[in-house]
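The next block holds one structure in the form of C-alpha coordinates; read it before the comments.
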Amino acid sequence: MSDFRTLSDTMLASPQIAIGDIAAAKEAGVSLIVCNRPDGEEPSAPQSDVISDAAEQAGIAFVSIPIGHSGFSEVQIDQMIAALEGTEGKVLGYCRSGTRSTLLWSLAQAKLGMAPDDIAAAAMAAGYDVSPIRPMLDMLAAR
(Lines give C-alpha, C1' and ligand atoms only; values in the text may rest on other atoms or scores of the structure.)
Protein backbone atom coordinates (compact mmCIF):
# COMPACT_ATOMS: atom_id res chain seq x y z
CA MET A 1 0.00 0.00 0.00
CA SER A 2 1.43 3.36 -1.04
CA ASP A 3 2.40 5.89 1.63
CA PHE A 4 3.39 8.84 -0.58
CA ARG A 5 3.73 12.03 1.44
CA THR A 6 3.67 15.46 -0.18
CA LEU A 7 6.67 17.72 0.45
CA SER A 8 5.87 20.13 -2.39
CA ASP A 9 3.85 20.32 -5.60
CA THR A 10 6.63 18.35 -7.30
CA MET A 11 8.13 16.18 -4.54
CA LEU A 12 6.79 13.16 -2.69
CA ALA A 13 8.59 11.08 -0.05
CA SER A 14 7.81 7.51 0.91
CA PRO A 15 8.93 4.62 3.01
CA GLN A 16 10.26 1.63 1.04
CA ILE A 17 8.16 1.07 -2.05
CA ALA A 18 7.15 -2.23 -3.60
CA ILE A 19 6.54 -3.17 -7.21
CA GLY A 20 2.82 -2.59 -6.67
CA ASP A 21 3.49 1.05 -5.75
CA ILE A 22 4.85 1.84 -9.21
CA ALA A 23 1.38 2.02 -10.76
CA ALA A 24 0.20 4.29 -7.93
CA ALA A 25 3.23 6.51 -8.50
CA LYS A 26 2.44 6.75 -12.21
CA GLU A 27 -1.18 7.59 -11.39
CA ALA A 28 0.03 10.32 -8.99
CA GLY A 29 1.98 11.97 -11.82
CA VAL A 30 5.44 10.74 -10.80
CA SER A 31 7.92 10.90 -13.66
CA LEU A 32 11.08 10.13 -11.62
CA ILE A 33 11.71 7.79 -8.70
CA VAL A 34 14.79 8.47 -6.55
CA CYS A 35 16.05 5.62 -4.38
CA ASN A 36 17.90 6.87 -1.31
CA ARG A 37 18.31 3.42 0.23
CA PRO A 38 21.60 1.56 -0.25
CA ASP A 39 21.20 -1.88 -1.80
CA GLY A 40 21.58 -4.60 0.80
CA GLU A 41 20.43 -2.42 3.69
CA GLU A 42 17.40 -4.69 4.05
CA PRO A 43 17.91 -7.84 1.96
CA SER A 44 14.20 -8.74 1.98
CA ALA A 45 13.20 -5.34 0.52
CA PRO A 46 13.10 -4.90 -3.26
CA GLN A 47 16.56 -3.71 -4.29
CA SER A 48 17.10 -0.73 -6.57
CA ASP A 49 17.49 -2.81 -9.75
CA VAL A 50 14.08 -4.41 -9.23
CA ILE A 51 12.39 -1.05 -8.63
CA SER A 52 14.32 0.50 -11.52
CA ASP A 53 13.17 -2.22 -13.94
CA ALA A 54 9.53 -1.88 -12.83
CA ALA A 55 9.70 1.91 -13.08
CA GLU A 56 11.20 1.72 -16.57
CA GLN A 57 8.41 -0.63 -17.69
CA ALA A 58 5.89 1.93 -16.40
CA GLY A 59 7.61 4.79 -18.23
CA ILE A 60 9.04 6.34 -15.06
CA ALA A 61 12.69 7.39 -14.88
CA PHE A 62 14.79 6.09 -11.98
CA VAL A 63 17.93 7.27 -10.24
CA SER A 64 19.75 5.94 -7.20
CA ILE A 65 21.34 8.35 -4.71
CA PRO A 66 22.00 6.06 -1.74
CA ILE A 67 22.37 7.63 1.69
CA GLY A 68 24.16 5.37 4.16
CA HIS A 69 25.21 5.74 7.77
CA SER A 70 27.92 8.25 6.85
CA GLY A 71 25.28 10.90 6.22
CA PHE A 72 24.91 13.45 3.46
CA SER A 73 27.61 14.82 1.18
CA GLU A 74 27.57 17.83 -1.09
CA VAL A 75 27.88 15.45 -4.05
CA GLN A 76 24.62 13.75 -3.05
CA ILE A 77 22.92 17.13 -2.60
CA ASP A 78 24.09 18.18 -6.06
CA GLN A 79 22.89 14.87 -7.53
CA MET A 80 19.47 15.49 -6.01
CA ILE A 81 19.39 19.04 -7.39
CA ALA A 82 20.26 17.70 -10.85
CA ALA A 83 17.52 15.06 -10.59
CA LEU A 84 14.93 17.62 -9.49
CA GLU A 85 15.89 20.20 -12.10
CA GLY A 86 16.04 17.64 -14.89
CA THR A 87 12.54 16.28 -14.35
CA GLU A 88 9.15 17.31 -15.66
CA GLY A 89 6.40 16.13 -13.34
CA LYS A 90 6.63 14.83 -9.81
CA VAL A 91 9.55 13.13 -8.12
CA LEU A 92 9.09 10.31 -5.61
CA GLY A 93 11.98 9.74 -3.21
CA TYR A 94 12.06 6.67 -1.02
CA CYS A 95 14.20 4.99 1.61
CA ARG A 96 13.37 2.84 4.66
CA SER A 97 11.05 5.39 6.27
CA GLY A 98 11.14 8.36 3.89
CA THR A 99 13.29 10.39 6.28
CA ARG A 100 16.54 10.30 4.30
CA SER A 101 14.61 11.20 1.14
CA THR A 102 13.01 14.13 2.94
CA LEU A 103 16.31 15.29 4.41
CA LEU A 104 18.09 15.11 1.06
CA TRP A 105 15.26 17.05 -0.62
CA SER A 106 15.47 19.59 2.22
CA LEU A 107 19.21 20.07 1.78
CA ALA A 108 18.77 20.46 -1.97
CA GLN A 109 16.05 23.05 -1.45
CA ALA A 110 18.20 25.00 1.00
CA LYS A 111 21.08 25.03 -1.47
CA LEU A 112 18.64 26.30 -4.11
CA GLY A 113 17.64 29.16 -1.80
CA MET A 114 14.42 28.01 -0.12
CA ALA A 115 14.00 29.40 3.39
CA PRO A 116 14.85 26.81 6.09
CA ASP A 117 11.65 27.65 8.00
CA ASP A 118 9.60 26.89 4.89
CA ILE A 119 11.51 23.64 4.34
CA ALA A 120 10.94 22.61 7.95
CA ALA A 121 7.22 23.40 7.72
CA ALA A 122 6.81 21.39 4.51
CA ALA A 123 8.63 18.42 6.00
CA MET A 124 6.65 18.60 9.23
CA ALA A 125 3.36 18.72 7.31
CA ALA A 126 4.42 15.44 5.68
CA GLY A 127 5.33 13.92 9.04
CA TYR A 128 9.10 14.38 8.92
CA ASP A 129 11.42 16.30 11.26
CA VAL A 130 14.39 18.15 9.76
CA SER A 131 15.76 19.41 13.09
CA PRO A 132 18.75 17.00 12.96
CA ILE A 133 20.01 18.79 9.83
CA ARG A 134 18.79 22.30 10.63
CA PRO A 135 22.33 23.71 10.99
CA MET A 136 23.16 22.36 7.52
CA LEU A 137 19.97 23.88 6.09
CA ASP A 138 20.84 27.25 7.57
CA MET A 139 24.41 27.05 6.26
CA LEU A 140 23.35 26.08 2.73
CA ALA A 141 20.63 28.73 2.59
CA ALA A 142 23.07 31.42 3.71
CA ARG A 143 25.50 30.76 0.85
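The values are calculated or read from the model by the stated rules, or taken from the named source; none is laboratory data. Since the model is a prediction, treat every value here as computed from it, not as a measurement. Positions of Cβ are backbone-derived with ideal geometry, glycine not excepted, and every protein chain shown enters the neighbour counts.
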Exercise. Of the residues in region 91-126, how many are in a loop (DSSP other than H, G, I, E, B) and touching a helix residue (DSSP H, G or I) at 6+ places or on another chain (Cβ under 9 Å)?
Worked result: 6
For this session: Look through 12, 32 and report the one residue that is modelled with pLDDT of 95 or more, closer than 14 Å to residue 100 by Cα and in a strand (DSSP E or B).
Result: 12
Exercise. If you go through region 57-64 one residue at a time, do you hit one that is out of contact with any Gly (no Cβ under 9 Å at 6 or more places or on another chain) and in a helix (DSSP H, G or I)?
Worked result: yes
Seminar exercise, completed: When every residue in region 60-88 that is within 16 Å of residue 30 (Cα to Cα) and more than 14 Å from the chain's Cα centre (by Cα) is compared, the one surrounded by the fewest Cβ atoms within 10 Å (Cβ to Cβ) is 88
For this session: Residue by residue through region 1-37, note down the ones that are surrounded by 21 or more Cβ atoms within 10 Å (Cβ to Cβ), farther than 19 Å from residue 82 by Cα and among the polar types (S, T, N, Q).
Result: 14
